[in-house]
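A.B. asks: A single structure is presented below for examination.
The values are calculated or read from the model by the stated rules, or taken from the named source; none is laboratory data. Keep in mind it's a predicted model, so treat the numbers as computed, not measured. Note that each Cβ is placed from the backbone with ideal geometry, even for glycine, and that neighbours are counted across all protein chains shown. For accessibility, only protein heavy atoms count, side chains too; no ligands or nucleic acids. Shrake-Rupley method; radii C 1.70, N 1.55, O 1.52, S 1.80 Å.
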Amino acid sequence: MEIYVVKQGDTLYGIANKFNTTVEKIVSDNELTHPNELVVGQTIVILRNDVNYTVKQGDTLYKIATQFGITLDALLSANPSISNPLNLQVGENILVPLSQPKMGEIEVNGYCFVNINREVLRKTLPSLTYLSIFSYEVLPDGGIVNIASDQPIIDLAREQKVAPMMVITNLEENSGFSSELGSAILNNPQARQNLINNVINKIQQKNYFGVDIDFEYLYPTDREAYNNFVQEMVNALHPLGYIVTTALAPKTSADQQGILYEAHDYNFHGRTADHVILMTYEWGYTYGPPMAVAPANQVKKVLEYAVTEIPSNKILMGMPNYGYDWALPFVEGSAAASISNVGAVDLARKVGSFIKFDELQKAPYFNYYSGENEHVVWFEDANSTYARLKFVSDFNLGGVSYWTINQYFPQNWLVLNAMYDVKKLL
């Protein structure tokens, strides 16, 4: 795999020639909708298979290596049978190594809403280990609000060897995460037991693989109560053959202050749950100042702390699949507009902007004007995806978790599958 950044004057024909591939393959792999209108700064993923090359008159190993854009050492390593590199024989077959060895096998989780486009889901499922369907909202007495339309998604996931996960949240209808709702359940033994029983019934009724507990903005005083609930859920589900995953805020220390962080006990969840999903995104968020959604420098700090508390193979690092469009100058309380990664490149094309890349945050962005109003857009591309996925290898993580897969981003899956094999459990 190669990630090419479009330069001024580039055409797909020229890029294809440079990498000894075809325009049709580049367009198909990247699902480019405007192949004749490339944006400066746009990333193009080039997938190449190994080639069996037949030596022609006048060929040298150096000439062949240059033709295919690889090093002479790589060519020599792939052809140990060549006894005299300076004396190639016309008609001799040489292996040109264009593919790259993968970094290992990982687990991949994707959150989705039940309204996900079925074609998007079908295209994504081959790259997933788990599909986490969002979400069953809990009630103060331990009841759950049913999702009536999740069964077809569960069935489709299982057909594609993907493990469907039931997600429970302390979200209130038409509102956000509720600290009060979480506290009402966590501090009531009967409500906790009711909730566990309801989860088991729903898992068995709908053929889920396990449960993902996503309780956020819990009161700091409910930390131990939350730990106890996670333990009770594990004790109940494990004997039945189901797994328990928890989603945790992106902390950089055990004593990090704030209602988002204090009740999330990395050490306990790491010891107790089967997997821990770290929500390493939303530094750039709807009501915050413009910046990358998941700045690589900030994500790295979270991982550096997390692996000291949680077995690294249990960690699924959060990956954002979206960006934001902010009006400038930023005004406290103003809202950014969410934008898809594909939509961001299309917007840059329409407004004639060049895409830049922030080396510290490892993220693309661009500016544009709408009338007299300046905007900035931060999003994800192939290079930012690669930078974050590289952390999985660097920190020996179990894998990644996408929020969300509802919008299809072709380059993400090209990069992911070029770097890793995706583990299947079914």
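A.B. asks: As a test of reading the structure, rank Glu216, Glu232 by solvent-accessible area (1.4 Å probe, protein chains only), most first.
C.D. replies: On the way: Glu216 20, Glu232 65 Å².
In descending accessible area the options line up as Glu232, Glu216.
A.B. asks: Read through the labelled values [x] 2.15; [y] 1.10; [z] 1.02 and report the label of the one computed as Cα Rg over 2.2 N^0.38 Å from the structure.
C.D. replies: Given [x] 2.15; [y] 1.10; [z] 1.02, the calculated one carries the label [y].
A.B. asks: Antiparallel DSSP bridges in segment 114-223: what percent, to the nearest 5? Provide the component values of the computation, followed by the final result.
C.D. replies: Details: 2 of 13 bridges.
Of the beta bridges lying entirely in segment 114-223, close to 15 percent run antiparallel.
A.B. asks: Also: Would you work out the relative contact order for segment 47-196, in percent, from Cα pairs under 8 angstrom that are 6 or more residues apart? Intermediate results must be reported in sequence, preceding the final value.
C.D. replies: Working: 200 pairs, mean separation 29.5, N = 150.
Relative CO of segment 47-196 lands at 20 percent.
A.B. asks: How much net charge surrounds Lys18 when only other residues with a Cβ under 10 Å from its Cβ are counted (Lys, Arg +1; Asp, Glu -1)?
C.D. replies: On the way: positive: none; negative: Glu2, Asp10.
Summing Lys/Arg as +1 and Asp/Glu as -1 gives -2.
A.B. asks: So, one more: With contacts defined as alpha carbon pairs under 8 Å and 6 or more residues apart, what's the relative contact order of the chain in percent?
C.D. replies: On the way: 854 pairs, mean separation 75.7, N = 426.
Relative CO of the chain lands at 18 percent.
A.B. asks: Across 5 Å bins from 0, what is the distribution of all Cα-Cα pair distances for segment 83-201, in whole percents?
C.D. replies: Taking all Cα pairs of segment 83-201, the binned fractions are 2, 9, 16, 14, 11, 11, 9, 6, 4, 4, 4, 3, 2, 3, 3, 2, 0 percent.
A.B. asks: Which value, in Å² rounded to 10, gives the accessible area of Arg118 with a 1.4 Å probe and all protein chains present?
C.D. replies: 80 Å²
A.B. asks: Let me ask something else. In the chain, what percent of the accessible surface is made up of carbon and sulfur (1.4 Å probe, ligands and nucleic acids excluded)? Could the numbers behind the result be given before it?
C.D. replies: Values: 9120 of 18590 Å².
Here it works out to 49 percent.
A.B. asks: Quick one: if you take sqrt(5λ) for each eigenvalue of the C-alpha gyration tensor of segment 235-277, what semi-axes come out, biggest first, whole angstrom?
C.D. replies: Numbers: eigenvalues 118, 14, 13 Å².
In descending order, the three semi-axes are 24, 8, 8 Å.
A.B. asks: State, as an integer percentage, the relative contact order of segment 1-85 based on alpha-carbon contacts under 8 Å between residues 6 or more apart. Before the final figure, lay out the partial values.
C.D. replies: On the way: 67 pairs, mean separation 28.5, N = 85.
About 33 percent, as a whole number.
A.B. asks: With every atom except the alpha carbons ignored, what do you get for Rg and Dmax of segment 25-90, in angstroms?
C.D. replies: Just the Cα atoms of segment 25-90 yield Rg and Dmax of 16.6, 48 Å.
A.B. asks: Another question about this same structure. For segment 298-384, restrict the atom set to alpha-carbon positions and state the Rg and Dmax in Å.
C.D. replies: Over segment 298-384's Cα set, Rg and Dmax evaluate to 15.9, 51 Å.
A.B. asks: Then there's this: Roughly what % antiparallel, to the nearest 5, for the DSSP beta bridges in the chain? Please list the in-between numbers first.
C.D. replies: Working: 27 of 65 bridges.
So the antiparallel bridges amount to about 40 percent of the total.
A.B. asks: For the chain, what does -39500 (n - 2.57) per DSSP helix run (n ≥ 4), summed and divided by total residues, give at 222 nm, in deg cm²/dmol to the nearest 500?
C.D. replies: Working: 14 runs with 142 residues, N = 426.
After summing the helix terms and dividing by the residues of the chain, the value is -10000 deg cm²/dmol.
A.B. asks: Could you give me the ³J(HN,Hα) list for segment 294-308, computed from phi with Karplus coefficients 6.51, -1.76, 1.60 and θ = phi - 60°, whole Hz, x at Gly and Pro?
C.D. replies: My calculation for segment 294-308 gives 9, x, 4, 5, 6, 4, 4, 4, 5, 5, 4, 6, 4, 6, 7 Hz in order.
A.B. asks: Output ³J(HN,Hα) for segment 167-183: one whole-Hz value per residue in order, computed from phi by the Karplus curve 6.51 cos²θ - 1.76 cosθ + 1.60 with θ = phi - 60°, and x for Gly and Pro.
C.D. replies: Each residue of segment 167-183 in turn: 10, 10, 9, 9, 7, 9, 3, 6, 8, x, 5, 10, 4, 5, 4, x, 5 Hz.
A.B. asks: Any idea what the alpha-carbon Rg over 2.2 N^0.38 Å comes to for segment 250-359? Don't jump to the answer; show the numbers that get you there.
C.D. replies: Working: Rg = 16.6 Å, N = 110, 2.2 N^0.38 = 13.1 Å.
Here the Cα radius of gyration is 1.27 times the empirical estimate.
A.B. asks: Here's something else I'd like to know. Could you provide, to the nearest whole Å², the per residue accessible area of the chain with probe 1.4 Å? Could the numbers behind the result be given before it?
C.D. replies: Values: 18590 Å² over 426 residues.
Per residue, the chain has an accessible area of 44 Å².
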